[in-house]
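K.L.:
There's a structure below that I have some questions on.
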Amino acid sequence: MMNSHGTAGKNAREMAQQRYKKVTIYAALLFIIGLLLLSNLNTVVKLGFPAAIILAVVIKLVADHIEKKGLYIKKRAKDADRGACAEEVVAERLMNLPEGYHVFHDIAFDGFNIDHVAVGPGGIFLVETKSHKGKIDAQGDTLLLDGVQPPKNFLNQTWSQTYQLRDFLKRQTSREWAVKPILCFTRAFVIVRMPVKGITVVNIKYLTTYLSKQQESLISEDIQTITRVLQGWVSKQDKLI
């Protein structure tokens, strides 16, 4: 049975909670504005009609801005929640990997987090998880979501993290390691059959099947080396929290 390290979706959950707290603050500000307006109606009336109109317009503009900002943050909080759920689903799926694999979840680096890293006989795999719905296709080196490019460049993001992980492992071991990137969609229909820009794109149902079919490329000593490095890094980051 594979060995699991870390908590999938931890960073995304924390991010969602922080955003929900901000939404609460914005809601409280709207409530305070309304309360102040109601409790000072007599004062507003005494200002005269033109001044009252100007004040009302200013208050509405401020309230609309706060509401718009709050709704935007609420949407981002929900996005973070969906991302966390997707990472948890992938982590559960990776539990089905054969014996000899080690899986690390939510590895924190400076400025970014890697969703999953699987290390086993088949190699070192970085798994970037996406919770988007729709149909995933490709045109050359361009990934398409429902026929158009996604709002974010998933391929560049995945390669950036792959390079970062590869460079980190080299610094720690003084050795070059091949890190294989995977882009996994948990809710989309993936019709891509070939790597896109060198990245394997799969639906979650095919993830462990793909990993299990990889030819052996790491001996047990290599696996132990990589696992030891990643375990040490995760432990170090946990102590800093």
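Since every read-out is calculated from the coordinates, none of them should be taken as a lab result. Bear in mind the structure is a predicted one, so any value in this text is a computation, not a measurement. A quick note on method: Cβ atoms are made from the backbone with ideal geometry, for glycine too, and the neighbour counts reach across all protein chains shown.
K.L.:
Which three semi-axes in whole Å describe the equivalent ellipsoid of the range 150-241, each the square root of 5 times a Cα gyration tensor eigenvalue, listed largest first?
P.N.:
Equivalent-ellipsoid dimensions as semi-axes: 26, 17, 14 Å.
K.L.:
With both bridge residues required to lie in the range 98-240, what share of the DSSP beta bridges run antiparallel, to the nearest 5%?
P.N.:
So the antiparallel bridges amount to about 55 percent of the total.
K.L.:
Then there's this: Given that compact globular proteins tend to follow 2.2 N^0.38 Å, what is the ratio of the alpha-carbon Rg of the range 64-123 to that value? It would help to have the intermediate numbers written out before the result.
P.N.:
Details: Rg = 16.7 Å, N = 60, 2.2 N^0.38 = 10.4 Å.
With N residues counted in the range 64-123, Rg over 2.2 N^0.38 Å equals 1.60.
K.L.:
Report the local net charge at Q172: Lys and Arg +1, Asp and Glu -1, summed over other residues whose C-beta lies under 14 Å from its C-beta.
P.N.:
+3
K.L.:
Separate question: Given 0.36 nm per residue, what is the gain on full extension from N113 to K60 after removing their alpha carbon distance, in nm?
P.N.:
So the chain would gain 15.1 nm between N113 and K60.
K.L.:
Using the Cβ atoms and a cut-off under 15 Å, what net charge is assigned to the surroundings of L126, where Lys and Arg are +1 and Asp and Glu are -1?
P.N.:
On the way: positive: K130, R166, K170, K180, K197; negative: E87, D106, D115, E128, D167.
In short, 0.
K.L.:
Then there is this: Based on the alpha-carbon gyration tensor of the range 86-152 and its eigenvalue square roots a ≥ b ≥ c, which shape applies: rounded if a/c is under 1.5, prolate if not and a/b is larger than b/c, or oblate? It would help to have the intermediate numbers written out before the result.
P.N.:
Values: a/c = 2.07, a/b = 1.74, b/c = 1.19.
It is prolate, given that a/c is not under 1.5 and a/b is the larger ratio.
K.L.:
Another one. Once amide H atoms are placed 1.01 Å from N in the peptide plane, what residues at a sequence separation of 5 or more from L144, or on another chain, have their amide H within under 5 Å of its amide H?
P.N.:
Distant-sequence amide H within range of L144: D137, A138, Q139.
K.L.:
Residues with beta-carbon under 12 Å from that of T200, excluding T200: net charge, scoring Lys, Arg +1 and Asp, Glu -1?
P.N.:
Local charge sum for T200: +3.
K.L.:
Then there's this: Starting from the Cα of K135, step 7 Å toward the Cβ, then list every residue of the range 197-219 with an amide N under 20 Å from that point.
P.N.:
Under cut-off, by backbone N: 201-206.
K.L.:
Roughly speaking, what is the stretch gain from E67 to N203, that is 0.36 nm per residue apart minus the C-alpha to C-alpha distance, in nm to one decimal?
P.N.:
45.3 nm
K.L.:
Relative to the present Cα-Cα distance, how much length would full extension add between E92 and I191 at 0.36 nm per residue of separation?
P.N.:
33.3 nm
K.L.:
May I pose another question? So if R0 is 35 Å, what FRET efficiency would K78 and E221 give, r being the distance between their Cβ atoms, rounded to the nearest 0.05?
P.N.:
E between K78 and E221, to the nearest 0.05, is 0.20.
K.L.:
Next question, about the same structure. Taking amide hydrogens as modeled 1.01 Å from N in the peptide plane, which residues meet the under 5 Å criterion relative to I199, leaving out close sequence neighbours?
P.N.:
none
K.L.:
Here's another thing I want to ask about it. Where the centroid of each part is defined by its Cα atoms, how far is the range 132-154 from the range 167-194 in Å?
P.N.:
18
K.L.:
Within the range 171-193, which residues have the backbone N less than 15 Å from the label spot 7 Å out from Q157 along Cα→beta-carbon, could you tell me?
P.N.:
182-188
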